[in-house]
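**Q** Handing you a structure now.
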Amino acid sequence: MIRLLTTRAPRPSNISAVHQKINSFLCSSLCGFSAQAANQTQQNPSSINRPSSHFDSHMYGALLQRCIQNDDPISAMGLHCKILKRGNCLDLFAANILLNVYVKAELLSEAEILFDEMPERNTISFVTLVQGYAQCLHFSEAVGLFTRLHREGHELNPFVFTSILKVLVSMECAELGWNLHACIYKLGHESNAFIGTALIDAYSVCGCVDFAREVFDGIRCKDMVTWTGMVACYAENHCFQEALEAFSQMRLLGFKPNNFTFAGVFKACIGLEALDIAKGVHGCVLKTRYEYDLYVGVALLELYTKRGDIGSVQQIFEEIPKTDVIPWSFMISRFAQSDQSEKAVNLFCRMRQSFVVPNQYVFASALQACATLGDLDLGKQMHSLVLKVCLDADVFVSNAIMDVYAKCGRIEDSLELFEKSSNRNDVSWNTMIVGYVNCGDAEKALSLFLEMLENRVQATEVTYSSVLRASAGLTALELGTQIHSLTFKTNYAENTAVHNALIDMYSKCGRIRDARLVFDMMNERDEVSWNTMISGYSMHGLGMEALKIFQMMQDRGHKPNTLTFVGVLSACSKSGLLDEGQAYFSSMLQEYGIEPCIEHYSCMVWLLGRSGQLHKALKLIEEIPFKPSVMVWRALLGACVIHKNVELGRISAQRILEMEPEDDATHVLLSNMYATARRWDNVTAIRQSMKKKGMKKEPGLSWIENQGRVHYFSAGDTSHPDIKVINGILEWLNVRTRRAGFVPDCNAVLLDVDTKEKGRLLWVHSERLALAFALFRTSSGNQIRIIKNLRICVDCHAAMKLISKIVQRDIIIRDMNRFHDFQDGICSCGDYW
């Protein structure tokens, strides 16, 4: 009677209670008749040999009724064989009993044969077979049989209507109950409690609460089942206050609530957050001894879970019967969804020890816990168990298995399962797309997205937010804007998660103004929205704008978290806001109760080091209450390279190499620092060490997107098809910049060659090749966006400023640390990077 959505368990229906009454009625009427025949037989045993087929029918009816009582369909079938041998001497009454035997035994084909061979049928015959069809989930056949019953002119009594209403609810066509309601009204059954309760349940499923209330008010003699149906209807349709009022009226009239009533009332209490009322209802449960009921127990678990009272939840779980899968499913799913994955896995193991067979929902939750833990071995064991119980074809389970392999770094195994699956839904596609995005293969994720659209699978907010992340990772602005346009054709254009992904995409593609426009247009913002906007401004070196967003966030009542301060401190470090950064770092623990983590310390080390306060940065590292990571020492090493502090840089590099001996970036930075100091012997030693270890310097690459294609360039690259045009443009830029007074900074070339060669090498840096390509391949006035995998050098930075003024183009370069927006001879970083 109460649909426990949280447990994903089958929903008990009001119609179940009605069907109990129907079966009770059938059995009582049939038993009375067969008892008479049995008594006659006992009084006159010789009458068994009478050739009266009428008496044989009575006798067989009594024996068949006993088969029903003993739940013995085999004996009933044997008896049916004897009856057929004797000329099929069953009357309508006995034939209906035999039909009921086959239906209860789920022998539907035998029931259909018997029904078709019956010389005469009545309403009971039709209702019995309708119930059989419903029991075996043959809903279309059940509806067809009801139509035939009506067409042949049989009586439409309460049992007919309750049975067909249950069928409509089961086949998710409860809205058709409106047509039946009209027929019920014409026949004068609208005040019948059986039919009324079934109608209330049908209208409840449709969400037609007002119609359900009209039916309820029209019932003359309401019983406990009717009241429970109305309470459940209100609770299921979020009319929580009305549910409690109905429960109160029910109690005042003297009706004693049952387990389904209590489950509905607890749902209403949870919806209203009326915990004091729930405690009172819990007391009533204890008095009526329903606390050990399965449905009441699960409702109590939900109640105390919402309250955060874990102790009470565990106590209730231990007290309620656990022979059914529902309480196990509830607890495992709650643990898995509340970041208590170890408890979920342990409870799953305990469930197996209790010999309770897991269903698809249990497996889905337990596998989710494995995915969160990244426990591949346990995930494999669960996968084997799923295969044993033949649940691998279930879409929820198969999706969960794919997620386990994806999150454990086995994306190829996920893809294999995905391709073999014949039962995919939107979650299946999303699992694979998210998996590829998380493992860094954005191109494969986007390819799957296109395939998903070709297969006419409806994309969701998870899909759009994931593919926008993929576009951001590739800095594919053109594709990102197309996906943005696509969201307007769906219902997700105003979705918060999609908006957050759009802000991130536009920020990482160099369009910070568009990111801010999306942010300003949002109707609702969550913590992710604010954090993403702050990080976007930080990435572009717009520290003051980031701090304004942070202040706005607090003014709007949003509490900053750990990630918020990472963005704020990063913005301060990239803009040289030393005093502000120190103040915010101090306020984290004092004002917000947030303990600084390694990311916060790394930002502060870079802020202090980049400002020239290298020894303060070192002192801060020494004060970190836990072991400093590679990230912190890299920040200090980077600052030492900029300020040419060789000794402190050497110490920083030593600390990094102690933790990661094969780190090539550290070797390169140390080599560059020695080269800047003209310590060529040290440079040679480091390069020989790298060669001996088989390490190679990461080549400098720049790339640019043009008309859906990405063009890559490396320093000194001559392989591009347009290299002649590129070289010509570079020569022209070289002449124009020199006329404008540009003097190359040859210190940026860390090679022991003459000055002329250094000047030549500077003009074939990868970002300049990409710029020259963009100048002749893109329309005049369009923004030029270049992505670079390394930090832009000093000379290229100075050259780009001047070139932006000469060619009157907006040039955006994203290096490994941040964005540089060159406009009319000025860079957005203020020459601080």
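**Q** Of the residues that sit in region 247-270 and are farther than 18 Å from Tyr290 by Cβ and among the hydrophobic types (A, V, I, L, M, F, W, C), which one is most open to solvent (accessible area, probe 1.4 Å)?
**A** Among them, the one singled out is Leu252.
**Q** Name the helices (runs of 4 or more DSSP H) wholly within region 570-666 that hold at least 2 residues that are open to solvent by 50 Å² or more (accessible area, probe 1.4 Å) and either touching a strand residue (DSSP E or B) at 6+ places or on another chain (Cβ under 7 Å) or closer than 26 Å to His540 by Cβ (or both)?
**A** Qualifying helices (runs of 4 or more DSSP H): 578-592, 598-610, 630-643.
**Q** Can I ask one more? Being farther than 25 Å from Val169 by Cβ, of a type outside the set (Phe, Trp, Tyr) and at pLDDT 85 or above narrows it down to one residue among Ser75, Ser140, Ser109; which is it?
**A** Going through Ser75, Ser140, Ser109 in turn, just one is farther than 25 Å from Val169 by Cβ, of a type outside the set (Phe, Trp, Tyr) and at pLDDT 85 or above: Ser109.
**Q** Continuing with this model, one more query. Checking Leu542 against (1) within 22 Å of Asp831 (Cα to Cα); (2) crowded, with 24+ Cβ neighbours inside 10 Å, which test does it fail?
**A** Tallying (1) within 22 Å of Asp831 (Cα to Cα); (2) crowded, with 24+ Cβ neighbours inside 10 Å, Leu542 fails exactly one: (2).
**Q** Scan region 409-429 for residues that are under 19 Å from Gly379 (Cβ atoms), within 13 Å of the chain's Cα centre (by Cα) and open to solvent by less than 50 Å² (accessible area, probe 1.4 Å) and jot them down.
**A** Answer for region 409-429, where residues must be under 19 Å from Gly379 (Cβ atoms), within 13 Å of the chain's Cα centre (by Cα) and open to solvent by less than 50 Å² (accessible area, probe 1.4 Å): just Ser428.
**Q** Which ones in region 271-297 are crowded, with 20+ Cβ neighbours inside 10 Å and small (Gly, Ala, Ser)?
**A** Ala278, Gly297
**Q** Filter region 750-788 down to residues that are part of a loop (DSSP other than H, G, I, E, B) and closer than 21 Å to Lys805 by Cβ and give me whichever is most open to solvent (accessible area, probe 1.4 Å).
**A** Among residues in region 750-788 that are part of a loop (DSSP other than H, G, I, E, B) and closer than 21 Å to Lys805 by Cβ, the one most open to solvent (accessible area, probe 1.4 Å) is Ser780.
**Q** Pull out all pairs, ordered by first then second residue, where Cβ-Cβ is under 8 Å, the residues are six or more apart or on different chains, the first lies in region 91-112 and is within 17 Å of His138 (Cα to Cα), and the second is among the charged types (D, E, K, R) and open to solvent by 10 Å² or more (accessible area, probe 1.4 Å).
**A** Filtered contacts from region 91-112: Tyr102/Glu110; Lys104/Asp71.
**Q** Provide a single number: the residues in region 480-525 that are in contact (Cβ under 8 Å) with a residue 40 or more places away in the chain and on the phi < 0 side of the Ramachandran plot. Break it down into steps so the answer makes sense when it comes.
**A** Let us first name the residues in region 480-525 that are in contact (Cβ under 8 Å) with a residue 40 or more places away in the chain, namely 508-510, 512.
Remaining after also requiring on the phi < 0 side of the Ramachandran plot: 508-509, 512.
Of the residues in region 480-525, 3 are in contact (Cβ under 8 Å) with a residue 40 or more places away in the chain and on the phi < 0 side of the Ramachandran plot.
**Q** Which number in (1) of a type outside the set (A, V, I, L, M); (2) over 28 Å from Tyr234 (Cβ atoms); (3) at pLDDT 90 or above marks the one condition that Glu155 misses?
**A** Just one mismatch for Glu155, condition (3).
**Q** Now for a separate question. Mind checking whether some residue in region 302-312 is aliphatic (A, V, I, L, M) and closer than 21 Å to Ser365 by Cβ?
**A** The answer is yes, given that some residue of region 302-312 is aliphatic (A, V, I, L, M) and closer than 21 Å to Ser365 by Cβ.
**Q** Something else: Given the criterion closer than 21 Å to Val225 by Cβ and not small (Gly, Ala, Ser), identify the matching residue among Leu244, Leu272, Leu301, Leu286.
**A** Matching residue, one of Leu244, Leu272, Leu301, Leu286: Leu244.
**Q** Next question, about the same structure. What number of residues within region 451-476 are in contact with a strand residue (DSSP E or B) (Cβ under 7 Å, 6 or more places away or on another chain) and either open to solvent by 30 Å² or more (accessible area, probe 1.4 Å) or among the aliphatic types (A, V, I, L, M) (or both)?
**A** Total meeting the criteria: 1.
**Q** How do the pairs read when you match residues in region 383-405 that are part of a loop (DSSP other than H, G, I, E, B) with residues anywhere that are crowded, with 18+ Cβ neighbours inside 10 Å, using Cβ under 7 Å and keeping only pairs 6 or more apart or on different chains?
**A** Qualifying pairs under 7 Å: Leu391/Gln360; Leu391/Phe363; Leu391/Val397; Asp392/Val386; Asp392/Ser398; Asp394/Gln360.
**Q** Confirm whether Ala740 is aliphatic (A, V, I, L, M), in contact (Cβ under 8 Å) with a residue 40 or more places away in the chain and either open to solvent by less than 50 Å² (accessible area, probe 1.4 Å) or closer than 20 Å to Asp821 by Cα (or both).
**A** In short, no.
**Q** In region 412-451, how many are in contact with a Ser or Thr (Cβ under 6 Å, 6 or more places away or on another chain) and among the polar types (S, T, N, Q)? Working first, answer last.
**A** The first filter runs over region 412-451 and keeps only residues in contact with a Ser or Thr (Cβ under 6 Å, 6 or more places away or on another chain), leaving 421, 426, 430, 433-435, 437.
In the following step, the residues that additionally are among the polar types (S, T, N, Q) were identified as 421, 430.
Selection size over region 412-451: 2.
**Q** Looking at region 215-222, can you tell me whether even one residue there is surrounded by fewer than 23 Cβ atoms within 10 Å (Cβ to Cβ), part of a helix (DSSP H, G or I) and either of a type in the set (Lys, Arg) or without any contact (Cβ under 8 Å) to a residue 12 or more places away in the chain (or both)?
**A** Yes, region 215-222 has at least one match.
**Q** Further question on the same structure: Could you list all residues from region 240-282 that are outside any helix (DSSP H, G or I) and hydrophobic (A, V, I, L, M, F, W, C)?
**A** Residues satisfying the conditions are Leu253, Phe255, Ala274.
**Q** Collect the residues in region 406-420 that are part of a helix (DSSP H, G or I) and touching a residue at least 24 places away in the same chain (Cβ under 8 Å), keeping them in residue-number order.
**A** Passing the criteria: Ala406, Lys407, Ile411.
**Q** Consider only pairs whose beta carbons are under 6 Å apart and that are at least six residues apart or on different chains; among these, list those whose first residue lies in region 351-364 and is more than 16 Å from Gln381 (Cα to Cα) and whose second residue is basic (Lys, Arg) and in a loop (DSSP other than H, G, I, E, B).
**A** Hits for this filter: Tyr361/Arg8.
**Q** Additional query: Can you pull out the residues in region 370-403 that are surrounded by fewer than 18 Cβ atoms within 10 Å (Cβ to Cβ) and more than 21 Å from the chain's Cα centre (by Cα)?
**A** Scanning region 370-403 gives Asp377, Lys380, Gln381, Ser384, Leu385, Leu387, Lys388, Val389, Cys390.
Let's see how each residue does on (1) modelled with pLDDT of 95 or more; (2) in contact with an Asp or Glu (Cβ under 8 Å, 6 or more places away or on another chain); (3) under 19 Å from Leu415 (Cβ atoms); (4) among the small types (Gly, Ala, Ser):
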{"site": "Asn359", "(1), (2), (3), (4)": "no, no, no, no"}
{"site": "Leu367", "(1), (2), (3), (4)": "yes, yes, yes, no"}
{"site": "Asp375", "(1), (2), (3), (4)": "no, no, no, no"}
{"site": "Cys390", "(1), (2), (3), (4)": "no, no, no, no"}
{"site": "Ala393", "(1), (2), (3), (4)": "no, no, yes, yes"}
{"site": "Met402", "(1), (2), (3), (4)": "yes, no, yes, no"}
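**Q** Okay, moving on. Please find, among Lys724, Lys696, the residue that is out of contact with any Pro (no Cβ under 9 Å at 6 or more places or on another chain), at pLDDT below 90 and either farther than 14 Å from Val764 by Cβ or not in a loop (DSSP other than H, G, I, E, B) (or both).
**A** Values: Lys724 fails: at pLDDT below 90.
Answer to the check: Lys696.
**Q** Looking only at region 298-342, filter to residues that are hydroxyl-bearing (Ser, Thr, Tyr) and at pLDDT below 90; which one of those is surrounded by the most Cβ atoms within 10 Å (Cβ to Cβ)?
**A** The selected residue is Tyr304.
The values are calculated or read from the model by the stated rules, or taken from the named source; none is laboratory data. What you are looking at is a predicted structure, and each value in this text was computed from that prediction instead of being measured. Reconstructed Cβ throughout: ideal geometry from the backbone, glycine too, with neighbour counts over all protein chains shown. Note: accessible area is taken over every heavy atom of the protein model, side chains too, but ligands, DNA and RNA are not part of it. Shrake-Rupley method; radii C 1.70, N 1.55, O 1.52, S 1.80 Å.
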